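The values are calculated or read from the model by the stated rules, or taken from the named source; none is laboratory data. These numbers come from a predicted model, not from an experiment. Please note: Cβ atoms are built from the backbone with ideal geometry, for glycine as well, and neighbour counts cover all protein chains shown.
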Amino acid sequence: MSKEVKILGHNKMREFEIYASFLALPHDERKEVFTFVTDTEFSKKYNVAQKTLSLWKKDDKLWEARNQYLKGFKKYTANVLRYLYAGMAEKKSASEAMAWFKLVEGYKEKDENRGRVNIPELQRLDDTIRKIIED
């Protein structure tokens, strides 16, 4: 008996993996890699029903696969930080850095219900970013 992983809603494993990589990319990179950014466009290009995509989004295996792609991106964090930090001082904008940390590093901003993620480097970055913006 095969131990093939069953994917909720469909057995298009290739498309499932491609969709996980699609979800791991920010919109600008999706446009560059796939030439489109929406689920509707993905559905048409890969012949996967919208309902199937909705079912896949409810399947933990999709998010696990997406997170594996994101882990691969983490090796670029130091370079991205260096680039973003230089640009933040000039533009006084921290949105790019925060977007990176939220997407790749799993950073969550302060929230009344959750508190702060206890990562000292991110706390220092958060404080630095706030100072830059306030100046």
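Remarks
- Taking the criterion of being outside any helix (DSSP H, G or I), more than 20 Å from residue 99 (Cβ to Cβ) and in contact with an Asp or Glu (Cβ under 9 Å, 6 or more places away or on another chain), the residues of region 21-61 that qualify are 35, 47, 48.
- When the residues of region 11-26 are filtered to those that are over 13 Å from residue 61 (Cβ atoms) and hydrophobic (A, V, I, L, M, F, W, C), the one that is farthest from the chain's Cα centre (by Cα) is 18.
This table checks each residue for (1) outside the structural domain of residue 107 (by TED's automatic domain parsing); (2) of a type outside the set (Ser, Thr, Tyr); (3) modelled with pLDDT under 90.
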| position | (1), (2), (3) |
| --- | --- |
| 18 | yes, yes, no |
| 22 | yes, yes, no |
| 33 | yes, yes, yes |
| 53 | yes, yes, no |
| 64 | yes, yes, no |
| 70 | yes, yes, yes |
| 83 | no, no, yes |
